[in-house]
Amino acid sequence: MIRHFAATLMALAVVTATPAEATPSRIPAADREVVFTADGTTVYGTLHVPERRAGQRLRAALLLPGSGPTDRDGNQPPGSAPDTLTQLADALDEDGIASLRFDKYGTGRTGLGAYQDHPEELDYPAFIRQAQTAYKTLREQPETDPRELLVVGHSEGAMTGLILGSTVHPRPSGLALLQPQAIRLLDLVTLQLKDQIAEATRQGQLTPEQQRTVNAAIDAAVNSLREHRPVDTTDLLPAIAELFESFQGPNARFVDSDDAVYPPDTAAALRPGTKVLLTCGTNDAQVPCATTNALTAALRRADAGGPGRVTLPGVDHLLHDADSPDTLASPVVDALRRFARH
């Protein structure tokens with residue numbers, strides 16, 4: 001009887017102890033504001049941390065927005081609110097990856113910061129330094145594993161991420177270049193404008209002769225910008241003339257310094273074996289797949305790891321398709337998951 005009672009106690013002890021060991025405490029997913037300083041400017045961001053075990057260090061990704069006044073969520077209020085970066089953070093959460101996104105210069109709570117009184121001095125290297133400081137901030141968070149850091153950039157942010165890939169420490173274990181700016185800025189602008197002019201000609205809004213005249217004026221304007229000469233807007237359509245006037249006005253330093261970067265050259269400095277995802281969407285009019293050819297080849301020469309370039313059928317520049325006009329298209333999510341698990 002005593003032996004039976006003792007055996008029963010032992011069995012109860014085992015049954016009682018096992019669940020406590022098998023189900024450690026979990027901390028729910030949460031967002032918190034993160035503040036850091038870059039070049040004298042206070043920068044505000046959001047750190048998203050997925051559900052995790054107490055004390056667990058997670059893989060973590062720095063999220064970088066596209067061009068223009070795009071804030072930490074991937075929006076340009078009030079006119080555009082696709083929530084691109086918020087949705088990327090949610091997608092990465094599904095694979096247990098934390099993320100940091102921030103309001104870059106000219107957006108959100110950060111604003112122009114130290115450049116408030118002289119915005120014309122804001123150049124592209126300032127955005128690179130801001131992103132490098134954000135990467136360091138992510139590395140130092142108590143929930144992140146500094147050995148497993150990723151950079152996920154969209155459009156211009158992908159080009160910035162490519163630069164970070166060879167300039168930050170520790171080097172990122174992976175880069176996701178989503179619909180990247182993969183050629184020089186003014187070459188990309190030229191391509192986009194000429195496509196719009198061609199479409200206007202197809203619709204009968206311009207004659208073929210007018211198309212040739214405007215295209216030649218665009219080429220001349222780009223040459224003038226690169227040679228730091230005044231742009232002649234005589235043969236440009238009003239909207240295009242206004243664009244080039246802004247390029248040689250307050251935005252001149254930024255345009256000149258951004259245009260100086262040729263992403264395929266930047267790829268050569270990556271650490272061999274760095275895993276890289278490069279996406280292009282077949283419905284992306286802003287960054288056509290053909291513009292990523294040279295960068296794709298450069299990544300191969302640099303011995304970058306996979307998954308490499310992934311073509312996204314029916315996906316546009318904002319990572320949407322006809323089935324998902326307001327959320328990340330399923331091919332985008334699939335590509336991210338493949339990247340996260342590669």
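The values are calculated or read from the model by the stated rules, or taken from the named source; none is laboratory data. Computed from a predicted model, the values in this text were never measured in an experiment. Here the Cβ positions follow ideal geometry from the backbone for every residue, glycine too, while neighbour counts run over all protein chains shown.
Observations on the model:
- Qualifying residue in region 90-107 (condition: part of a loop (DSSP other than H, G, I, E, B), among the aromatic types (Phe, Trp, Tyr) and at negative phi): yes
- From the options Leu277, Leu270, residue that is under 24 Å from Arg337 (Cα atoms), in contact with a Phe, Trp or Tyr (Cβ under 8 Å, 6 or more places away or on another chain) and assigned by TED's automatic domain parsing to the domain that holds Val152: Leu277
- Candidates Pro146, Pro172, filtered to the one that is over 21 Å from Ala267 (Cα atoms), in the same structural domain as Tyr44 (by TED's automatic domain parsing) and at pLDDT 95 or above: Pro146
- In region 16-33, the residues that are surrounded by 10 or more Cβ atoms within 10 Å (Cβ to Cβ) reach residues that are modelled with pLDDT of 95 or more and assigned to a helix (DSSP H, G or I) with C-beta atoms within less than 8 angstrom, at least six apart or across chains, in these pairs: Ala29/Asp93.
- Scanning region 22-55 for residues that are in a strand (DSSP E or B), of a type in the set (Gly, Ala, Ser) and closer than 15 Å to Ala114 by Cβ returns a single hit, Ala38.
- Selected residue (only one of Leu185, Leu236, Leu225 is closer than 30 Å to Asp303 by Cβ and touching a helix residue (DSSP H, G or I) at 6+ places or on another chain (Cβ under 8 Å)): Leu185
- Filtered residue count, region 249-278, keeping only those that are touching a Ser or Thr at 6+ places or on another chain (Cβ under 8 Å), surrounded by 16 or more Cβ atoms within 10 Å (Cβ to Cβ) and not basic (Lys, Arg): 4
- In region 201-243, the residue that is farthest from Glu156 (Cα to Cα) out of those that are among the polar types (S, T, N, Q) and assigned to a helix (DSSP H, G or I) is Gln210.
- Residue in region 182-204 that is in contact (Cβ under 8 Å) with a residue 12 or more places away in the chain, among the basic types (Lys, Arg) and in contact with a Ser or Thr (Cβ under 8 Å, 6 or more places away or on another chain) present: no
- Against the criterion of being crowded, with 24+ Cβ neighbours inside 10 Å and farther than 23 Å from Arg338 by Cβ, Ala134 qualifies.
- Any hit, region 282-293, residues being more than 23 Å from Leu162 (Cβ to Cβ), crowded, with 19+ Cβ neighbours inside 10 Å and among the β-branched types (Val, Ile, Thr): no
- For beta carbons closer than 7 Å, sequence separation of 6+ or different chains, a first residue in region 77-94 that is in the same structural domain as Ala60 (by TED's automatic domain parsing) and a second that is hydroxyl-bearing (Ser, Thr, Tyr), the qualifying pairs are Gln87/Thr327; Ala89/Ser99; Leu92/Ser99.
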